[in-house]
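Below is one structure, written out as structure tokens, with a few remarks after it.
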Amino acid sequence: MNLPNDLKYTEEHEWIKIDGNIATVGITDYAQGELGELVYVEVETVGENIAMGEVFGTVEAVKTTSDLYMPVSGTITEFNPQLDENDGDDPTLINSDPYGAGWIVKIELSDLEELGALLDAAAYEALVA
């Protein structure tokens, strides 16, 4: 299982990479492995301010659909166009490159202190082990 040390993680299997007050969010390698091949990603919350822990979208695999949860509060500024059915429509990027090309959204953080509630790679690994 691939767990980059420069990311933070949630108990709901999202990852977040911070760059100033902008963050990139996706689902973990563990999560994509458990879901299987993804066939659809839905994010209709671009431009909305979503609180930490609230649902911001869904990912659909062949056998199941799973909610996506905000790791921290913020405004969703972008949905990965390569995952969007109106543009690239390749949700399998999450399966093949969950921490790179398979990112899901970018957000503008509204409360940097919330980052302290997230897991580091070692804590997340212990959670899923």
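Here, each number is a calculation from the coordinates, and none is a lab measurement. Remember, it's a predicted structure, so these values are computed and weren't measured experimentally. We place every Cβ from the backbone using ideal geometry, glycine too, and count neighbours over all the protein chains shown.
May I ask you to verify whether Glu37 is of a type in the set (Asp, Glu) and within 25 Å of Glu125 (Cα to Cα)? So Glu37 passes the test.
State all residues of region 111-120 that are buried (at least 16 other Cβ atoms within 10 Å of the Cβ) and under 23 Å from Ser66 (Cα atoms); if no residue qualifies, say none.
As a first pass, look at region 111-120 and keep what is buried (at least 16 other Cβ atoms within 10 Å of the Cβ): 114, 118-119.
Those that are buried (at least 16 other Cβ atoms within 10 Å of the Cβ) and under 23 Å from Ser66 (Cα atoms): Leu118, Leu119.
Right, Glu108: buried (at least 16 other Cβ atoms within 10 Å of the Cβ), at negative phi and in a strand (DSSP E or B) or not? No. Looking across region 72-86, just one residue is exposed (fewer than 14 other Cβ atoms within 10 Å of the Cβ) and hydroxyl-bearing (Ser, Thr, Tyr), and that is Thr77. Among the residues of region 13-68, the ones that are in a strand (DSSP E or B), more than 13 Å from the chain's Cα centre (by Cα) and under 18 Å from Pro91 (Cα atoms) come to 6 in all. Among the residues examined, Ser66 does not qualify as surrounded by fewer than 14 Cβ atoms within 10 Å (Cβ to Cβ) and hydroxyl-bearing (Ser, Thr, Tyr).
For (1) aromatic (Phe, Trp, Tyr); (2) surrounded by fewer than 14 Cβ atoms within 10 Å (Cβ to Cβ); (3) in contact (Cβ under 8 Å) with a residue 40 or more places away in the chain; (4) within 13 Å of Trp103 (Cα to Cα), each residue gets a yes or a no:
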{"site": "Lys8", "(1), (2), (3), (4)": "no, no, yes, no"}
{"site": "Asp19", "(1), (2), (3), (4)": "no, yes, no, no"}
{"site": "Thr24", "(1), (2), (3), (4)": "no, no, yes, yes"}
{"site": "Ile27", "(1), (2), (3), (4)": "no, no, yes, yes"}
{"site": "Tyr30", "(1), (2), (3), (4)": "yes, no, yes, no"}
{"site": "Val41", "(1), (2), (3), (4)": "no, no, yes, yes"}
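Could we say that Asp89 is assigned to a loop (DSSP other than H, G, I, E, B) and surrounded by 16 or more Cβ atoms within 10 Å (Cβ to Cβ) here? In short, no. If you filter region 92-105 down to residues that are among the hydroxyl-bearing types (Ser, Thr, Tyr) and assigned to a helix (DSSP H, G or I), you find that the one that is surrounded by the most Cβ atoms within 10 Å (Cβ to Cβ) is Thr92.
Looking at Ile18, Ile76, Ile22, Ile50 in this structure, which one is of a type in the set (A, V, I, L, M, F, W, C) and under 25 Å from Glu125 (Cβ atoms)? Before the answer, list the steps.
Numbers: Ile76 fails: under 25 Å from Glu125 (Cβ atoms); Ile22 fails: under 25 Å from Glu125 (Cβ atoms); Ile50 fails: under 25 Å from Glu125 (Cβ atoms).
When all the criteria are applied, what remains is Ile18.
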